[in-house]
Amino acid sequence: MKLAIVPGDGIGVDVTREAVKVLERLDARRSLGLELVSFPWSADHYLATGETVPPGAFDDLARNYDAIFMGAFGDPRVPDMKHAADILLGARFQLDLYVNYRPVRCLDDRLSPLKGYTAADVDFVVFRENTEGSYVGIGGHFKKGTPDEVATQEDLSTRRGVERIIRHAFSFAKETGRRRVVMSDKSNAMRFVGDLWQRTFAEVSREYPGIGASHLYVDALCLQLIRDPRPFDVIVTNNMFGDIVTDLGAALQGGLGMAASGNIHPGRVSMFEPVHGSAPRYAGTGRANPFGAILTVALMLEHLGNKEEAVAVERAVAACVSARKCTSDVGGELSTSAAADAVCERLAG
Ligand SMILES: NC(=O)c1ccc[n+]([C@@H]2O[C@H](COP(=O)([O-])OP(=O)(O)OC[C@H]3O[C@@H](n4cnc5c(N)ncnc54)[C@H](O)[C@@H]3O)[C@@H](O)[C@H]2O)c1
């Protein structure tokens, strides 16, 4: 398996180093046949060379790699986020990674922030549409910098784009034995795209008679998720609402340091990254929790057909959390590197 590794900025570098450590440990013990190739694309690289991603790079990744692991992007020295847009959104859009897969599972009762609920009560999956919505960059300024300034940002949804993410959510539910898909939008206020999502959801749901299909406005979804997360199984939503709802989801699983994600195009090269950003204040301090990145390794291995190794990694992380062999954000005292070492020790056991 040939894997592209793009650590990126800030704590992206810190946690990717630890994710690679876990991959190398697994490879040494289980002979996965990994070839890891590191790419320097980041704010540092952009500021030093003026290059974000070289021409043809995504074609190379699509043709010659099995998967991509990315850390995080964002640096105060690049306020317009030019490099992040080219690298992260570039990968999502140019590789057409339309499924943003974000499982929300709480691994230890101690991490559940909800009074009266345990870890077992938090177990759902969010499918965020990943190539459309307001992230496509359609819009502009008029009379910028004047009192009459106008700014627009279009929210684009296509029938094809909406249909394929909704179908993916249902087909995932069917394959994994989950029973209910909730579609979330804001169709009471955003009527045109909302109408497209509503009609498409109703039509696709008819192809899956065994799976419950219901709808919640995204504001109501947020309220229900923290009131009682137990009824939720699979949630499908657009790019922006998925971005927001999965931060709420991360809070239900112990914080941003615990959340993993996959950017997937079934059958093609896909990209995996922790949900958190580059947290510049934490960079290089040893405080970043590597578990979101290590759980992302598990998602990537599962996607590549190494289910047994994926389960072993997740169990090792859960055991570390429960033994408080973790960083301070989840109740431990270990550094980024020591927390990952604790996972490696459990993988060896
Ligand atoms: N996928 C990405 O690359 C991505 C995602 C989100 C934000 N960003 C970018 O990252 C930069 C910082 O954004 P932000 O501060 O809003 O979000 P962030 O996720 O970087 O950090 C927010 C806070 O969450 C906590 N946190 C996040 N990850 C953690 C970890 N692994 N361990 C311990 N605590 C952790 C910290 O308290 C941190 O201050 C911005 O430039 C933003 O645009 C990038």
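Selection of the range 177-193 for residues being within 13 Å of SER157 (Cβ to Cβ), touching an Asp or Glu at 6+ places or on another chain (Cβ under 8 Å) and not basic (Lys, Arg) yields SER187, MET190, VAL193. Restricting the range 133-180 to residues that are over 21 Å from the mean Cα position of the chain (by Cα) and assigned to a helix (DSSP H, G or I), which is surrounded by the most Cβ atoms within 10 Å (Cβ to Cβ)? The qualifying residue surrounded by the most Cβ atoms within 10 Å (Cβ to Cβ) is LYS174. Counting only residues that are buried (at least 24 other Cβ atoms within 10 Å of the Cβ), near the ligand (Cβ under 9 Å from one of its atoms) and of a type in the set (A, V, I, L, M, F, W, C), the range 245-266 holds 2 of them. Contact map, the range 65-90: residues that are under 21 Å from THR296 (Cβ atoms) paired with residues that are more than 7 Å from the ligand (Cβ to nearest atom) and at pLDDT below 95, Cβ distance under 6 Å, separation 6+ or inter-chain. Pairs shown: ASP66/MET1.
Take the conditions (1) more than 11 Å from the ligand (Cβ to nearest atom); (2) in a loop (DSSP other than H, G, I, E, B); (3) among the aliphatic types (A, V, I, L, M); ALA288 misses just one of them, which is (1).
With respect to the conditions (1) in contact (Cβ under 8 Å) with a residue 12 or more places away in the chain; (2) within 16 Å of the ligand (Cβ to nearest atom); (3) touching an Asp or Glu at 6+ places or on another chain (Cβ under 9 Å); (4) over 21 Å from PHE272 (Cβ atoms), THR296 lacks only one, and its number is (4). When ASN64 is tested against (1) surrounded by 14 or more Cβ atoms within 10 Å (Cβ to Cβ); (2) more than 16 Å from the ligand (Cβ to nearest atom); (3) not β-branched (Val, Ile, Thr), exactly one condition is not met: (1). If I ask for residues that are under 17 Å from PRO103 (Cα atoms) and within 16 Å of the ligand (Cβ to nearest atom), which ones from the range 299-334 would you list? Matches in the range 299-334: LEU299, MET300, VAL317. Residues in the range 16-57 that are touching a Ser or Thr at 6+ places or on another chain (Cβ under 7 Å) and not acidic (Asp, Glu) were compared, and the one that is farthest from SER337 (Cα to Cα) is TYR46.
Residues that are near the ligand (Cβ under 10 Å from one of its atoms) and over 18 Å from the mean Cα position of the chain (by Cα) within the range 267-284 comprise PRO280, ARG281, TYR282, ALA283, listed in sequence order.
The values are calculated or read from the model by the stated rules, or taken from the named source; none is laboratory data. This one's a predicted model, so the numbers in the text were calculated from it and none came from an experiment. Positions of Cβ are generated from backbone atoms using ideal geometry, with glycine treated the same way; all protein chains shown enter the neighbour counts.
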